[in-house]
Structures are given as structure tokens and as C-alpha cells.
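Structure, as C-alpha cells:
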Amino acid sequence: MDSSLSLSVCIPAYSMDGMGAKYLRVSLDILAKQNFPNFEVVVADQSDDRNIADLCSSYADMTVRHLDTRHLKRQGSANTNAAINAAQNEIVKILFQDDFLNGDDALTKIAHAFGDPEVKWIVTGSEHTRDGHTLIRPFVPKFHDRIQFGKNTISSPSVLALHRENAPRFDEDLIWLMDVDYYKQCSLRFGLPKVLCEPLVVNRQHSGQVSESVRRARVRQELRHVRQKYATHMSWGDWMHYVGRLRRSFL
């Protein structure tokens, strides 16, 4: 691995019904223990109080840059893009505020994989938790060509890392499909991802997740948006898959 390689950990944040700072503290504490030295943390904050800003300023031994992004569209796509846009290092590592790295060497393992110059983007294995301690349901990501229509076989963007140069931006018209659409964008730009099977990320499951509150009308709107976006790349089989996904949104 090139010892000069550097990472930007990009965290979109918001109040999350009062739990945002609590979840973020867990993640930042784990980041502070990483044995990989060359990284910064960029927190794009859309909360309306000072809790997250004050938390970020309390980490004197780690580079944590806090961005006030309340002026942007109040949704994950725009906020994640703001963090990516502010990143200064070679590799961007997305990490949602309610998720956290699994192990003190997670960033080292991710950086090591980028030692191969052919690797442009990486997705890692993950596990899940409800209580922040007990880890369940290990998951190994796998890309498929119709992922943009919502069958997510990769997991949340917290498993993603990629070169900052030429990195796509999240589609700010999407909420429910923002992650799978991004994986499709990356595949068209870079080819297939490098898969690290080891669960280097823990995804937290809770009732405040955006996916828990998406209405069916929104699902149909986003499916149609994605279909129009990738129409020139769609085979007959892709169209049939899209129709099936759309039909299920009415059930």
C-alpha cells in the first residue's frame, strides 16, 4: 500500500429526531481509534441545533471538519454530495451517521485495497445492529445490472469507498433509490466494484431510517425517474424487471 494514500470519511448528518449526535459520537469514537493515520472526517450537518457542531469540535486529536449545510435541499443526496464536494483527500469513504466502522483496522483494509491501481471503487461486507452492540446478519455485497430499480444487493452507501477524482454525485431527485442509483452510476463509469467480503461496516437498524417512511407514491415516482434516466441502457429484460417492480408498488 502507498503510505501517502489519504482518505476523506464523508458523513451526512442531521438531527435524526434527537438521536443524530448520539449515533455520530459512536462513529467518531471508532474513527478516533483507527490505526490508519492519513484521513480526515467531513461532517455535512443539516440539523437546526448545535449538538452535532459542538460534538465535532470536541475531537482535538482527529481532523473533523464541520459543514453547515442547512441551506441545501433537506435530504440525504444533497447532503452527501456536499460532504463529497468538500473532501480534500484521494479516496472518499461514505459513512452514514447512524452506521459505524467495524474494527480499528477498517480504514487500513480499505486503503490497502486501493493499492491496486485498477481499483476505482470498493464495496465491503457489512453487519447489522439494533442496539449498537449485538451484530447480526452478516452480508456480502454483490452488484447486478438492474440494481437501480431497488433490489439492493450491496447495502447502504456506508459500505462504499471510491476515488474522489471523477466520482459521481448522488441524484438529488432521489430519496428511496439514491443508493442503488449511485451504484449504477459507478458501474457505468468505472466498471464492476472491488468487493471486500469482510464486514468492515455496521449498519444500524432503527425506526428513524428514511427507508421506513417512504410512501408508495414516492416509490413509483422514483422508479419512473430512474427508468427515464437509464432508458438508453435498458434491454427488454430490464423493462420487464422495471414493470414488475412498479407493479409491486401498487400492492
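The values are calculated or read from the model by the stated rules, or taken from the named source; none is laboratory data. Since the model is a prediction, treat every value here as computed from it, not as a measurement. Here Cβ is always computed from backbone atoms with ideal geometry, including for glycine, and neighbour counts include all displayed protein chains.
Which residue out of 5, 28, 101 is over 19 Å from the mean Cα position of the chain (by Cα), surrounded by 14 or more Cβ atoms within 10 Å (Cβ to Cβ) and of a type in the set (A, V, I, L, M, F, W, C)?
5 is the lone residue from the list that is over 19 Å from the mean Cα position of the chain (by Cα), surrounded by 14 or more Cβ atoms within 10 Å (Cβ to Cβ) and of a type in the set (A, V, I, L, M, F, W, C).
Condition first: crowded, with 18+ Cβ neighbours inside 10 Å, part of a loop (DSSP other than H, G, I, E, B), touching a helix residue (DSSP H, G or I) at 6+ places or on another chain (Cβ under 7 Å) and of a type outside the set (Val, Ile, Thr). Now tell me which residues in segment 56-98 satisfy that.
95, 96, 97, 98
Against the definition (at pLDDT 95 or above and in contact with a helix residue (DSSP H, G or I) (Cβ under 7 Å, 6 or more places away or on another chain)), how does residue 26 come out, yes or no?
Numbers: at pLDDT 95 or above: yes; in contact with a helix residue (DSSP H, G or I) (Cβ under 7 Å, 6 or more places away or on another chain): no.
It is false that residue 26 is at pLDDT 95 or above and in contact with a helix residue (DSSP H, G or I) (Cβ under 7 Å, 6 or more places away or on another chain).
Within segment 104-115, take every residue that is part of a loop (DSSP other than H, G, I, E, B) and at pLDDT 95 or above and give me the one that is surrounded by the most Cβ atoms within 10 Å (Cβ to Cβ).
114
What is the residue count in segment 156-174 for residues that are at pLDDT 95 or above and over 23 Å from residue 200 (Cβ atoms)?
Going through segment 156-174 one residue at a time, the tally reaches 5.
Just one of 174, 200, 223 is hydrophobic (A, V, I, L, M, F, W, C) and within 30 Å of residue 112 (Cα to Cα); which is it?
Only one candidate passes the filter, namely 200.
Tell me which of these residue 197 doesn't satisfy, since it passes every other one: (1) assigned to a loop (DSSP other than H, G, I, E, B); (2) under 22 Å from residue 141 (Cβ atoms).
Here residue 197 clears every test but (1).
List, please: which pairs have Cβ atoms under 9 Å, are six or more places apart or on different chains, and start with a residue in segment 152-174 that is without any contact (Cβ under 8 Å) to a residue 60 or more places away in the chain and at positive phi and end with one that is loosely packed, with under 15 Cβ neighbours inside 10 Å and not in a strand (DSSP E or B)?
Final answer for the pair search is 166/189.
So residue 206 ticks every box in (1) assigned to a loop (DSSP other than H, G, I, E, B); (2) within 15 Å of the chain's Cα centre (by Cα) but one. Which box is left unticked?
It fails just one condition, (2).
Just to verify a result, which residue in segment 221-236, among those that are free of Cβ contacts under 8 Å to residues at least 12 places away in the same chain and assigned to a helix (DSSP H, G or I), is surrounded by the most Cβ atoms within 10 Å (Cβ to Cβ)?
Among those that are free of Cβ contacts under 8 Å to residues at least 12 places away in the same chain and assigned to a helix (DSSP H, G or I), it is 221.
Just to be sure I understand, how many residues within segment 73-93 are of a type outside the set (Ser, Thr, Tyr) and in contact with a Pro (Cβ under 7 Å, 6 or more places away or on another chain)? Talk me through it step by step, then tell me what you get.
Start the filter on segment 73-93 by keeping residues that are of a type outside the set (Ser, Thr, Tyr), which leaves 73-76, 78-79, 81-93.
This time we only want the ones that are in contact with a Pro (Cβ under 7 Å, 6 or more places away or on another chain), so: 76, 79, 83.
The total comes to 3.
Look through 116, 104, 99 and report the one residue that is within 19 Å of residue 6 (Cα to Cα) and touching a strand residue (DSSP E or B) at 6+ places or on another chain (Cβ under 8 Å). Spell out how you get there, then give the answer.
Working: 104 fails: touching a strand residue (DSSP E or B) at 6+ places or on another chain (Cβ under 8 Å); 99 fails: within 19 Å of residue 6 (Cα to Cα).
On inspection, the qualifying residue turns out to be 116.
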